[in-house]
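Notes for the one structure printed next.
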Amino acid sequence: MVTESIRPPPESELVWQFFDARRDGFFLDVGANEPQKGSQTWVLEERGWRGILIEPQAKLCERLRQARPRAQVFQVACGAPGAPPEMPLFTAESPGHSGLVKNLVDAATTYIGTEIVKVMTLDAILAEAGNPRSILSRWTLKGRNLTCSSASTCNGIGPNCLLMEDHLYDLKAHRYLGRAGYRLAKRTGLNNWYVPKESSFGPTSFAERYRLWKKVWANTPLRKMRVFFERRKAGREHSE
């Protein structure tokens, strides 16, 4: 008899399950990118949630405004306090690799252009959005390369779940979030799941706990060394 393998639900469904299928919540997506493809917040919006989408790339912002009617879209890059009000955004062949800093994700990234984008802190964006923290207490935040300003804001608001894209080239963001009152509870794909330290959410088995430990703590030093040499090699090739 042939039995079908049971596949785990996609990441967006896991987020939905984390919130016990609630239909009243608030999300904030930093680096929203495509409206639906690869989005962890689209499922939430589709099922009644409201939120904020932050995306600096003009073309992607237009798509977000058309496809995500329950969310406020901010065409800005999220930056730390003291950052210039405008900065060049390096657009990549793969939109997810675009950023204010080149080769942050991959040393072999191919860039196809540059656009000047507005830069705001997360606090300023929330203020412009009407300070939703005052009316919504159960929410989630998802972001790429969140700044210290973002983490500080999260600690002030108290999101129930924080998904951060982290390629684990170092543990700076992880340590910062620990000091801000969060702990790492899960990892799916490239996203680390952080929850308040008092939350009971976490690995459901010893095997999952071991995989999380190995991916984050055991392998990061080796990954950091590999990335150092890759970027060094790429730098030499660009200078030739």
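The values are calculated or read from the model by the stated rules, or taken from the named source; none is laboratory data. Keep in mind that what you see is a predicted model, and the values were worked out from it rather than measured. Note that each Cβ is placed from the backbone with ideal geometry, even for glycine, and that neighbours are counted across all protein chains shown.
Brief remarks on what is shown
- Whether a residue is on the phi < 0 side of the Ramachandran plot, surrounded by 14 or more Cβ atoms within 10 Å (Cβ to Cβ), touching a Leu at 6+ places or on another chain (Cβ under 9 Å) and at pLDDT 95 or above was assessed, and residue 73 passes this test.
- The single condition from (1) at pLDDT below 95; (2) in contact with a helix residue (DSSP H, G or I) (Cβ under 8 Å, 6 or more places away or on another chain); (3) surrounded by 21 or more Cβ atoms within 10 Å (Cβ to Cβ) that residue 49 fails is (2).
- Of residues in segment 96-146 being among the β-branched types (Val, Ile, Thr), closer than 22 Å to residue 15 by Cβ and in contact with a Cys (Cβ under 9 Å, 6 or more places away or on another chain), the one modelled with the highest pLDDT: 125
- Tally of residues being in contact (Cβ under 8 Å) with a residue 60 or more places away in the chain and not in a loop (DSSP other than H, G, I, E, B) across segment 120-129: 3
- Qualifying residue in segment 224-237 (condition: at pLDDT below 90 and farther than 18 Å from residue 105 by Cβ): yes
- Across segment 4-46, the qualifying residues are those that are hydrophobic (A, V, I, L, M, F, W, C) and more than 22 Å from residue 132 (Cα to Cα), and the one among them that is surrounded by the fewest Cβ atoms within 10 Å (Cβ to Cβ) is 6.
- Search result, residues across segment 52-69 that are touching a helix residue (DSSP H, G or I) at 6+ places or on another chain (Cβ under 6 Å) and surrounded by fewer than 16 Cβ atoms within 10 Å (Cβ to Cβ): none
- Residue under evaluation residue 187, criteria (1) assigned to a loop (DSSP other than H, G, I, E, B); (2) within 17 Å of the chain's Cα centre (by Cα), criterion not met: (1)
- Subset of segment 1-42 [at pLDDT below 90 and among the small types (Gly, Ala, Ser)]: 5, 12, 25, 38
- Criterion: under 30 Å from residue 92 (Cβ atoms), surrounded by fewer than 18 Cβ atoms within 10 Å (Cβ to Cβ) and at pLDDT 80 or above - qualifying residue of 170, 166: 170
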